[in-house]
Amino acid sequence: MPNAVILDAESLGPQIDLAAIRNEVSNLDIFGQSTTQQARERLANADIAIVNKVVLDADTLKQLPTLKLICVLATGLNNIDLDAAKQQGIEVKNVTAYGTASVSQHTLMLMLTLANRLPLYQRDVAAGAWQRSDFFCLQDYPTLQLASKHLVMVGQGELGSEVARLAEALGMRVSFAARPGNEANDQRASLDELLPDADVISLHCPLNESTKHLINAARLARAKSSLLLINCARGGIIDEEAALAALRNHQIGGLAVDVLPKEPPRDGHPLLTALNEPLNLIVTPHNAWITPEARQNVVSLTADNIRQWQASH
């Protein structure tokens, strides 16, 4: 059985059982965090590298002649030099659909929170506005009833389909936009066609050349002033500064993101600063996926990947 090394186990969060992976390997070395330089040392005798966000570039892979398999504890593979891995005969496997229930739940939470203007009402209650009110309730910010409203989805994979199912349970009309960059070969309406009628747009597509700044100033200018915009996919699919300007100028009604272009945002970000303003704005720290069930599922699917790889060799 192969030797395996987990380079950044802490990325899985607390109280995760790694027994499923241990059962598939002869030895499992576990490191909470690793730099790329440390990875070169720690993988020196490994057959399998198990990694989430540690960068394994071409130079690193060239120094690891025993490495045969890289298991990524996530869907995205952008931290692995896939061309270099292929040249060296190193297989790369990721995990998909591990957090469908978790992320779709989070997405719906963001949608409901924006629709009910919760950031604004919570701010006012904390400031004492309800206590001083002449009336029994506050009605300063009209809320949005989601029943019968039009949800436009970008991305019709397992996650997007589950969000659509939940939205339909609320009585929403759901449309899936054509795949960005492939509109000519897609029978579905394009985002540009659907956008003017959209009450909510939810993004569940990968970040690539066709989707970078897919939601930009020009498109936001054509949106309803009540539009709710949600991104639980990847930072940069929205031009965040353009979206913030649209929110401040009342061109859209709400903005919620679980992702930013650089994570963690150590140098700050305009959306984080704007959280101090009276806006219908939500920023969550890339934690749509972190239910214990989803995190444990990552381990199970990774063990499956190791088992399948061994069976084919």
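Remarks
- Loop-located trypsin sites (Lys or Arg not before Pro) in the stretch 232-286, at most 13 other Cβ atoms within 10 Å (DSSP): LYS262, ARG266
- Dimensions in Å of the stretch 192-261 - Rg and Dmax from alpha carbons: 10.8, 29
- Highest-first arrangement of 41-52, 214-225, where packing means the average Cβ count within 10 Å: 41-52, 214-225
- Under the Debye formula (equal points on every Cα, no solvent term), log10 I(q)/I(0) of the stretch 1-152 at q = 0.16 Å⁻¹: -0.86
- Where the stretch 98-158 is the region considered: accessible area per residue in Å², 1.4 Å probe: 55
- Note on the stretch 1-95: dipole from Cβ charges, positive end direction compared against GLN38, GLY89, THR75; the farthest Cα belongs to GLY89.
- Positive minus negative residues near ARG295 (Lys, Arg vs Asp, Glu; Cβ under 15 Å): -3
- When you restrict to C-alpha pairs under 8 Å that are six or more residues apart and normalise by the size of the chain, the relative contact order lands at 17 percent.
- Around LEU260: net Lys/Arg minus Asp/Glu count, Cβ-Cβ under 13 Å: -3
- Taking a straight Cα-Cα cut-off under 19 Å and skipping sequence neighbours fewer than 8 places away in the same chain, the lysines within cross-link reach of LYS68 are LYS53, LYS86, LYS93.
- Local charge for VAL92 was computed over the other residues whose Cβ lies under 10 Å away, with Lys and Arg +1 and Asp and Glu -1, and equals 0.
- Estimated translational D of the chain in µm²/s (Stokes, Kirkwood radius over Cα pairs; 4 °C; 1.567 mPa s): 61
- Only the Cβ atoms of Lys and Arg (+1) and of Asp and Glu (-1) were treated as charged; on that basis the dipole of the chain about its Cα centre amounts to roughly 180 debye.
- Per residue, the chain reaches -9000 deg cm²/dmol at 222 nm when only DSSP H runs of four or more residues are counted, each adding -39500 (n - 2.57).
- With at most 13 other Cβ atoms within 10 Å, longest stretch of the chain clear of loop chymotrypsin sites (Phe, Trp or Tyr not before Pro) (DSSP): 137-313
- Distant alpha-carbon pairs in the stretch 132-237 (separation over 24 angstrom), percent: 27
- Surface share of carbon and sulfur [accessible, 1.4 angstrom probe, percent] for the chain: 49
- Membrane-span-like helices in the chain, defined purely by DSSP H runs whose alpha carbon atoms cover 15 Å or more axially and whose average Kyte-Doolittle hydropathy reaches 0.5, are 100-115.
The values are calculated or read from the model by the stated rules, or taken from the named source; none is laboratory data. All figures in this text were calculated on a predicted structure; none of them were measured in a lab. Here the Cβ is made from the backbone with ideal geometry for all residues, glycine too, and neighbour counts use every protein chain on show. Side chains included, ligands, DNA and RNA excluded: accessible areas come from the protein's heavy atoms. Shrake-Rupley method; radii C 1.70, N 1.55, O 1.52, S 1.80 Å.
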